[in-house]
Amino acid sequence: MRRFAILAVLGVCCSLIPAAADEEPLQGFTRESSAVERQWEAKFRAIPSPQDQREYMQRLSARPHNVGTAYDKENAEWILAQYKQWGWDAHIERFDALYPTPKERVLEMVAPTKFVAKLQEPPVAGDPTSSQQSEQLPSYNAYSIDGDVTAPLVYVNYGVPADYDELDRLGISVKGSIVIARYGGSWRGIKPKVAAEHGAIGCLIYSDPHEDGYFVDNVFPKGPMRPADGVQRGSVMDFPSAQPGDPLTPGVGATPDAKRIPIKDNPALTKIPTLPISYGDAQPLLAALDGPMAPAEWRGSLPISYHVGPGEARVHLKVVFNWDTRSLYDVIAKIPGSEQPDEWVIRGNHHDAWVNGAEDPLSGQVAEMEEGRAFGELIKQGWKPKRTIIYCAWDGEEAGLLGSTEWAEAHDAELKQHAVAYLNTDGNGRGYLSAEGSHTLEHFMDGVARDIVDPEKNIPVRERLYLHSISAVHSDHAGEDRKEIRERADVRMGAIGSGSDYTAFVDHLGIASVNLGYGGEDRDGIYHSVYDDFYWFTHFSDTDFVYGRALSQTVGTAVMRLADADLLPFEFTDFADTIHVYLKELKKLADEESSRKDCSLRLAIRGVPRLRRPARMCLRTSISRRLKMLSTR
């Protein structure tokens, strides 16, 4: 903390020094060292090759490679060999983590008519890897508990708390029922968690074409969107109740000799059986529902009338899993620092996938590899980073951030002592730059984005992001919001939250982190399905890999500047400004919640006829004030 405070003061002092007439010095650099850095960065950005990225992806996505498969290990060993060939000091670190896979999946409607769900994604003509059915991981939700339940079905929209409030207003209870929720509105693990809290005994999650199919664009293979039988796999590990990583070894690396806790009643598992399904399988189930019509905003784009249920529709859901421990293979590559080797700049992207995983994660992994090759070429030319650079290809991200979390837990003390920053990617596409992260690096990343050229628009990617930010404003205060964007020195970064391999670094170790990627102009309709493969990516996403090259240039430049800076380029003005924004948002939420509770209270009091009006007013005022006090604390 003291070191960062000193750097902040020094950074302010350095900013007061007049810059050269032709070019501002880079943040954290002197005028002289900035000039040298820019020369090396120009050499670096000329190296990454779209064709090399294409070849890497074709090789890595040739077969399904989820955790535990032979090709997952083979990919890790191949990535390791590339880094060694490029001159890095590289090795594999292995961890053994709980990785459940499906043994039995049954979904059928038993009343009022019989219907058996396919639970199968068929091959697509012309897409060679979609036919690798014997190797494909079936569609399922990792870390659902085993279960065999039969019950009435209730539609719960996105399955978030507000949706259950609406069900209460409609007089519908899910207690003892199986719920069906559509993807969207929240992270998928929230849906079975909230359902169980309301008494449901099973949960289905489907992809509605309104968000993820023909309502958006043509479906694969004619277009990029999810076809009727496409399914989004995904983890439902209960992050709010248990930290990410191996559920059997919380807080410590899952090495072979680590002490493990039992699976039974493990807090990472769901409380009810859960299964994802396609909208092809969901349509007959939803069409069979009776009860009230779903609110307008709950209705998707299937050719049916959306009812909430329940009714005569009864569903049988059975899921049984292999509760096995599988090996994770993290590739760790290092370039030692020449002046401050005990300060580490860490960069990562995972290499495992649910199936072939061309977009998620390999479009980010191949960009990272080209950065690695480019740094190897710079070293041959005489470049030496001042700080140590560590590049990581993580395993097991899809199931629960397994590889990155276990590595961070195993190296906890070292990372707290040495880590400067962590830079993450998790896939890439076509469009404008997306940056989320620690706001102490917001000004730094704004500077990096000014020096990267958009491959299609031929303007700095920062300028394109700035223009997109203005055009994307659609709020009740659009004029004020656009004015704030125009007048602010730096384009805002989004909050990083959780959801990818940066989680262990920023949320548990407090290491400043950034998550980067390009996108927004392609359609990601094959997310976590068998159709996320080389054929889809080269037809519907970054088809010529020019944004893969831009991602290499962006992240690699950021890594270089962090590694070479005379003073670490943390800046706290944007951080303080963002905290003020969060405080305003929290106050607004508190006021809205207080108003909502007050309105509910008014309705409740009107139903108490025995109280005279003065007593009713007194009760309403007293409780209302108390609610406001609680909501603003």
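The values are calculated or read from the model by the stated rules, or taken from the named source; none is laboratory data. No experiment lies behind these values; they were computed from the predicted model shown. In this analysis, Cβ positions are derived from the backbone assuming ideal geometry, glycine residues included, and neighbour counts consider all displayed protein chains. Remember, those area values only see protein heavy atoms, side chains included, never the ligands or the DNA or RNA. Shrake-Rupley method; radii C 1.70, N 1.55, O 1.52, S 1.80 Å.
What residue, of Ser594, Ser600, is at pLDDT below 90 and surrounded by 13 or more Cβ atoms within 10 Å (Cβ to Cβ)?
Ser594
Has region 500-508 got any residue that is acidic (Asp, Glu), open to solvent by less than 40 Å² (accessible area, probe 1.4 Å) and either under 16 Å from Asn424 (Cα atoms) or in contact with a Gly (Cβ under 6 Å, 6 or more places away or on another chain) (or both)?
Yes: region 500-508 contains one or more residues that are acidic (Asp, Glu), open to solvent by less than 40 Å² (accessible area, probe 1.4 Å) and either under 16 Å from Asn424 (Cα atoms) or in contact with a Gly (Cβ under 6 Å, 6 or more places away or on another chain) (or both).
Can you name the residue in region 157-206 that is open to solvent by 30 Å² or more (accessible area, probe 1.4 Å), closer than 20 Å to Leu285 by Cβ and among the hydroxyl-bearing types (Ser, Thr, Tyr) and is also nearest to the chain's Cα centre (by Cα) among such residues?
Within region 157-206, the match that is nearest to the chain's Cα centre (by Cα) is Tyr158.
If His528 satisfies every condition in (1) open to solvent by 40 Å² or more (accessible area, probe 1.4 Å); (2) not in a helix (DSSP H, G or I); (3) not acidic (Asp, Glu) but one, which is the exception?
Failing condition for His528: (1).
I'm checking my understanding of the structure. Among residues of region 456-498 that are open to solvent by less than 50 Å² (accessible area, probe 1.4 Å) and of a type in the set (Lys, Arg), which one is farthest from the chain's Cα centre (by Cα)?
Arg488
From the list Gly447, Gly437, which residue is open to solvent by less than 10 Å² (accessible area, probe 1.4 Å) and out of contact with any His (no Cβ under 9 Å at 6 or more places or on another chain)?
Of the residues listed, the single one that is open to solvent by less than 10 Å² (accessible area, probe 1.4 Å) and out of contact with any His (no Cβ under 9 Å at 6 or more places or on another chain) is Gly437.
Give the number of residues within region 207-253 that are open to solvent by 40 Å² or more (accessible area, probe 1.4 Å) and among the acidic types (Asp, Glu).
The qualifying residues number 2.
Can Leu378 be described as outside any strand (DSSP E or B) and either closer than 30 Å to Ala42 by Cβ or open to solvent by less than 30 Å² (accessible area, probe 1.4 Å) (or both)?
It is true that Leu378 is outside any strand (DSSP E or B) and either closer than 30 Å to Ala42 by Cβ or open to solvent by less than 30 Å² (accessible area, probe 1.4 Å) (or both).
Residues that are closer than 30 Å to Ile47 by Cβ and in contact (Cβ under 8 Å) with a residue 12 or more places away in the chain, at least 1 per element: which helices (runs of 4 or more DSSP H) completely within region 419-496 meet that?
Helices (runs of 4 or more DSSP H) meeting the threshold: 442-450, 461-471.
Residues that are modelled with pLDDT of 60 or more and either farther than 23 Å from Glu135 by Cβ or of a type in the set (Ser, Thr, Tyr) (or both): does region 64-75 have at least one?
Within region 64-75, one or more residues are modelled with pLDDT of 60 or more and either farther than 23 Å from Glu135 by Cβ or of a type in the set (Ser, Thr, Tyr) (or both).
Only one residue in Thr554, Thr538 is open to solvent by 10 Å² or more (accessible area, probe 1.4 Å) and within 23 Å of the chain's Cα centre (by Cα), so which one is that?
It is Thr538.
May I ask you to list the residues in region 70-127 that are surrounded by fewer than 18 Cβ atoms within 10 Å (Cβ to Cβ), farther than 30 Å from Tyr206 by Cα and either touching a helix residue (DSSP H, G or I) at 6+ places or on another chain (Cβ under 6 Å) or not small (Gly, Ala, Ser) (or both)?
Answer for region 70-127, where residues must be surrounded by fewer than 18 Cβ atoms within 10 Å (Cβ to Cβ), farther than 30 Å from Tyr206 by Cα and either touching a helix residue (DSSP H, G or I) at 6+ places or on another chain (Cβ under 6 Å) or not small (Gly, Ala, Ser) (or both): Glu74, Glu77, Trp78, Lys84, Gln85, Gly87, Asp89, His91, Ile92, Arg94.
Report yes if some residue within region 74-84 is aromatic (Phe, Trp, Tyr), under 19 Å from Tyr329 (Cβ atoms) and assigned to a loop (DSSP other than H, G, I, E, B); otherwise report no.
no
Being assigned to a helix (DSSP H, G or I) and without any contact (Cβ under 8 Å) to a residue 40 or more places away in the chain narrows it down to one of Ala504, Ala563, Ala576, so name that one.
The match here is Ala576.
Is it true that some residue in region 399-415 is of a type in the set (Gly, Ala, Ser), in a strand (DSSP E or B) and either over 20 Å from Gly519 (Cβ atoms) or modelled with pLDDT of 95 or more (or both)?
no
Wholly within region 297-356, which strands (runs of 3 or more DSSP E) include no fewer than the required count, namely at least 3 residues that are among the aliphatic types (A, V, I, L, M)?
314-322, 325-335
Just the residues that are open to solvent by 20 Å² or more (accessible area, probe 1.4 Å) and part of a helix (DSSP H, G or I), please, taken from region 265-296.
Scanning region 265-296 gives Gly280, Gln283, Pro284, Ala287, Ala296.
Restricting the first residue to region 66-80 and requiring it to be at positive phi, which pairs with a second residue that is of a type in the set (Gly, Ala, Ser) meet a Cβ separation below 8 Å and a spacing of at least six or different chains?
Gly68/Ser327
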